[in-house]
Amino acid sequence: MAKIEGFRVINFKALKDVTLGRLWNRQDLEPITPMTAVIGKNGVGKSSLFDAFGFLADCLKKGVEEACDARGRGGFESIRSKGQQGPVEFEIYYKEHGNARPITYELSIDLDPYGRPFVSKERLRQRRKGQSHGRPFSFLILNKGQGMVWKGEKDGMQYDDEQELMDLFQALKEGTQTEESKETEVVELEDLRKLGIATLGSLKQHPRISAFRRFIEGWYLSYFTPDAARSLPLAGPQKRLSVHGDNLGNVVQYLEREYPNRFKTILKKIAEKIPGIRKIDTERTKDGRLLLRFNDQGFNDPFYAQQMSDGTLKVFAYLLLLEDPSPPPFFCIEEPENGLYHKLLESLAAEFREHATGRKGGSQVFVTTHQPYFVDALEPNEVWILEKGADGFSEIRRASDYELVKNMVKEGLPLGSLWYSDYLDAR
Ligand SMILES: Nc1ncnc2c1ncn2[C@@H]1O[C@H](COP(=O)(O)OP(=O)(O)OP(=O)(O)O)[C@@H](O)[C@H]1O
Ligand SMILES: [Mg+2]
């Protein structure tokens with residue numbers, strides 16, 4: 001399963017320049033773990049970080065202009081870090097699978113002279129087999145919609161400086177044959193609001209770009225609300241929970257039919273967490289809608305989702321996500337603790353980790369949290385602390401950067417309680 005090893009955000013809301021994990025030119029940094037949690041006080045940028053992933057996924061799906069306006073973001077000027085003039089930039093360092101050579105994706109979004117957001121730069125790079133240092137080879141370079149793409153699954157454009165790249169681009173445009181130009185193609189995009197990886201990633205001759213596009217398309221960002229889970233969807237099995245959770249019943253229908261054993265595991269787990277729940281199933285109404293039924297051991301008649309508590313619906317939704325037979329590569333949740341009983345949190349965190357690191361090849365999990373009980377189940381290298389710097393922008397540190405904290409956790413002290421006791425505050 002693909003894994004993100006590092007992520008850098010520049011000029012996105014409170015995140016003027018924040019890096020998590022390893023980047024191609026920062027090999028000294030430790031990659032982010034399969035399970036990652038971000039903590040910090042109110043207003044330090046946790047939701048901004050969560051939304052950085054959401055924004056990137058939206059850019060791919062909807063184009064950059066629509067993404068700037070979507071989900072109440074309020075347009076480019078309101079997402080660009082206050083007082084900054086430069087582009088909003090992202091860098092992802094990721095591996096397609098355990099032994100793959102990491103790929104770097106860089107994206108810059110800026111405003112054109114008419115005030116419209118557009119893709120100003122995009123680049124994909126990967127080191128050649130056996131190449132341990134130096135610049136990775138680029139296999140996609142776009143500047144304002146113009147650029148070059150390298151065909152196939154291996155190598156890419158080699159260059160030492162931007163001038164060499166410009167020379168290659170010029171040679172290609174003029175039709176001059178060089179060793180590199182045989183593999184390289186000049187590309188020009190028509191719509192500067194669409195990502196190059198969206199357009200080129202749909203072509204068979206660019207397998208690495210397609211794989212990267214599929215990777216981002218597969219991200220799952222949970223915006224689950226219990227009220228959405230109480231809606232009455234039309235009957236019909238569906239594989240994956242929607243981002244708000246309004247198809248909870250449809251997913252139950254699917255799992256009951258296709259994966260009865262997994263579904264039994266989910267029921268067993270929910271019974272351990274929520275007192276009284278014995279059975280969950282679905283009922284089709286005469287007009288083709290789907291009711292989700294919860295059988296409580298104290299009562300003969302079932303309860304329907306509309307009557308169930310917020311926390312019950314939430315725990316059930318998380319269990320469905322964790323038992324997804326074909327999980328997404330990357331799974332983000334904001335404050336999963338909201339509305340849950342405190343004693344459930346440590347086991348929930350442990351279940352997220354088990355899913356992320358399990359041999360079944362689960363999703364990489366990214367959560368933001370305010371809950372020390374949740375953090376108690378985590379290791380120092382899995383936890384990142386956001387803080388507001390003197391300039392009003394976010395700074396990030398890893399709990400494992402604190403030797404004292406690392407040692408105390410080794411001695412058996414839970415990380416959440418150290419956080420609670422201010423051991424994770426700025427030095
Ligand atoms: N364009 C921007 N430039 C600079 N700062 C911004 C910008 N947009 C929002 N902010 C600031 O970013 C802060 C962080 O907000 P965010 O929602 O990410 O915090 P949070 O850590 O999720 O807080 P909470 O724990 O309360 O949910 C906001 O309080 C706001 O002051
Ligand atoms: Mg928040």
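No value in this document is a laboratory result; all are computed from the given coordinates. Because the structure is a prediction, the values reported are computed rather than measured. Cβ sites come from the backbone with ideal geometry, for glycine too, and all protein chains shown count toward neighbours.
Excluding same-chain neighbours fewer than eight residues apart, the lysines reachable from Lys269 by a Cα-Cα span under 23 Å are Lys239, Lys279, Lys314, Lys343, Lys360.
The trypsin sites (Lys or Arg not before Pro) of region 103-149 meeting both criteria, a DSSP state outside H, G, I, E and B (loop) and at most 10 other C-beta atoms within 10 angstrom of the site's C-beta, are Lys129. In plain terms, the residue of Thr312, Thr357 with the fewest other Cβ atoms within 10 Å comes first and the most crowded comes last, giving Thr357, Thr312.
Taking 0.36 nm per intervening residue step and subtracting the Cα-Cα distance, what contour gain separates Lys343 from Lys268 on full extension? If you can, show how the numbers build up before the last one.
Numbers: separation 75, 0.36 × 75 = 27.00 nm, distance 1.75 nm.
Here the answer is 25.2 nm.
With a threshold of 19 Å on the Cα-Cα distance, the over-threshold entries among Lys62/Lys194; Lys121/Lys194; Lys151/Lys182; Lys46/Lys410 are Lys46/Lys410. Work out, in µm²/s and without decimals, the Stokes-Einstein translational diffusion coefficient of region 223-365 at 10 °C, 1.306 mPa s, Rh from Kirkwood over C-alpha pairs. Translational D for this selection: 103 µm²/s. Percent of C-alpha pairs per 20 Å bin in the chain, short distances first: 24, 52, 22, 2, 0.
Other residues lying with their Cβ under 15 Å from the Cβ of Lys82 contribute a combined charge of +2, Lys and Arg counting +1, Asp and Glu -1. Electrostatic tally near Thr199: other residues with Cβ closer than 10 Å to its Cβ, Lys and Arg +1, Asp and Glu -1, net 0.
If r is the Cβ-Cβ distance from Val243 to Lys204 and R0 is 35 Å, what FRET efficiency results, to the nearest 0.05? Spell out each step's value before the answer.
Working: r = 30 Å, r/R0 = 0.84.
Calculated value: 0.75.
Across region 1-107, counting alpha-carbon atoms alone, Rg and Dmax equal 14.2, 42 Å. Remark: C-alpha extents of region 63-221 on the principal axes read 47, 40, 29 Å, sorted largest to smallest.
The loop-placed trypsin sites (Lys or Arg not before Pro) in region 248-293, going by DSSP, that have at most 10 neighbouring Cβ atoms within 10 Å of their Cβ come out as Lys286.
Could you give the length gained by full extension between Asp167 and Glu185, i.e. 0.36 nm per residue of separation minus their alpha carbon distance, to one decimal place?
Numbers: separation 18, 0.36 × 18 = 6.48 nm, distance 1.39 nm.
So the chain would gain 5.1 nm between Asp167 and Glu185.
Highest average first, the peptides 400-412, 80-92 ordered by how many other beta carbon atoms sit within 10 Å of their residues are 80-92, 400-412. The H on the amide N of Met35, modeled in the peptide plane, is under 5 Å from the matching H of Val365, each at least 5 residues off or on a different chain. Of all the options Gly196, Gly288, Gly45, the one that moves most in a Gaussian network model of the chain with Cα springs shorter than 10 angstrom is Gly288. Using the rule -39500 (n - 2.57) for each DSSP H run of four or more residues, divided by the residues of the chain, the 222 nm mean residue ellipticity is -9000 deg cm²/dmol.
GNM remark for the chain: springs join alpha carbons under 10 Å apart, and the peak mean-square fluctuation among Lys46, Lys182, Lys13 falls on Lys182.
The ranking of Phe12, Phe118 from fewest to most other beta carbons within 10 Å of each one's beta carbon is Phe118, Phe12. Largest mean-square fluctuation among Leu232, Leu241, Leu124, in a Gaussian network model of the chain whose springs join Cα atoms under 10 Å apart, belongs to Leu232. Pairs of Cα atoms nearer than 8 Å and 6+ residues apart set the relative contact order; for the chain it is 17 percent.
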